[in-house]
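The values are calculated or read from the model by the stated rules, or taken from the named source; none is laboratory data. Computed from a predicted structure; not experimentally measured. Because the Cβ atoms are built from the backbone with ideal geometry, glycine has one as well, and the counts that use them run over all protein chains shown. Each accessible area value is taken on the protein alone, full model and side chains, heavy atoms only, with ligands, DNA and RNA left out. Shrake-Rupley method; radii C 1.70, N 1.55, O 1.52, S 1.80 Å.
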Amino acid sequence: MKILIINGPNLNLLGKREPEVYGSTSFEEYFEELKNTFPEIHLEYYQSNVEGELINKIHEVGFTYDAILLNAGGYTHTSVAISDAIAGVTTPTLEVHISNIYKREEFRHKSIISKSCVGMISGLGLKGYELGIRYFL
């Protein structure tokens with residue numbers, strides 16, 4: 001099984017950015033834990049702050065991977081193009097958010113990408129990525 005985790009803008013700052021919201025662990029540290037927890041799965045990780053690069057990565061793996069876990073960050077609420085990219089590929093995508101987007105600012109309550117995803121995990125911290133992997137298993 002091949003699963004790609006894609007993180008969008010500002011998620012490269014995990015562990016440093018707003019630790020009261022996102023925790024103090026970097027995603028790279030957490031990703032190592034995930035690989036140790038799921039040694040039987042080919043896990044990859046990609047992060048970009050650039051919308052077009054996220055779309056290119058979805059296109060690149062969207063017909064050959066078994067699953068995508070996507071935390072589109074702020075693009076969740078603004079990117080029709082990312083939603084269209086998810087809808088245009090055959091690999092199922094699960095939307096993941098570290099914080100509970102419904103307990104945050106009102107503009108974060110709407111996800112443009114949700115309609116193209118198989119589901120959403122929101123507000124369970126980094127554990128949401130592990131739960132997403134378990135869903136696909």
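Of all residues being in a strand (DSSP E or B) and surrounded by 18 or more Cβ atoms within 10 Å (Cβ to Cβ) in segment 1-33, which is farthest from the chain's Cα centre (by Cα)? Just the residue, please.
Ile3
Just name the residue that is surrounded by the most Cβ atoms within 10 Å (Cβ to Cβ) out of those in segment 34-58 that are in a loop (DSSP other than H, G, I, E, B) and of a type outside the set (A, V, I, L, M, F, W, C).
Ser48
Can you tell me which residue in segment 26-51 is modelled with the highest pLDDT, limited to those that are more than 15 Å from Ile133 (Cα to Cα) and hydrophobic (A, V, I, L, M, F, W, C)?
It comes out as Val50.
If Phe107 satisfies every condition in (1) at pLDDT below 95; (2) touching a strand residue (DSSP E or B) at 6+ places or on another chain (Cβ under 9 Å); (3) assigned to a helix (DSSP H, G or I) but one, which is the exception?
It fails just one condition, (2).
How many residues, within segment 126-137, are farther than 15 Å from Ala72 by Cα and buried (at least 16 other Cβ atoms within 10 Å of the Cβ)?
Final tally of qualifying residues: 2.
Enumerate the pairs (first residue in segment 111-137 and touching a residue at least 40 places away in the same chain (Cβ under 8 Å); second residue anywhere and of a type in the set (D, E, K, R) and open to solvent by 40 Å² or more (accessible area, probe 1.4 Å)) with beta-carbon separation below 8 Å, excluding pairs fewer than 6 apart on the same chain, so at least 6 apart or on different chains.
Phe136/Asp66
Give just the number: which of (1) open to solvent by less than 40 Å² (accessible area, probe 1.4 Å); (2) within 30 Å of Glu20 (Cβ to Cβ); (3) free of Cβ contacts under 8 Å to residues at least 60 places away in the same chain; (4) of a type outside the set (Gly, Ala, Ser) does Val61 not satisfy?
Against the list (1) open to solvent by less than 40 Å² (accessible area, probe 1.4 Å); (2) within 30 Å of Glu20 (Cβ to Cβ); (3) free of Cβ contacts under 8 Å to residues at least 60 places away in the same chain; (4) of a type outside the set (Gly, Ala, Ser), Val61 comes up short only on (2).
Which one is nearest to Leu11 (Cα to Cα), of the residues in segment 71-104 that are open to solvent by less than 10 Å² (accessible area, probe 1.4 Å) and assigned to a helix (DSSP H, G or I)?
This residue is Thr76.
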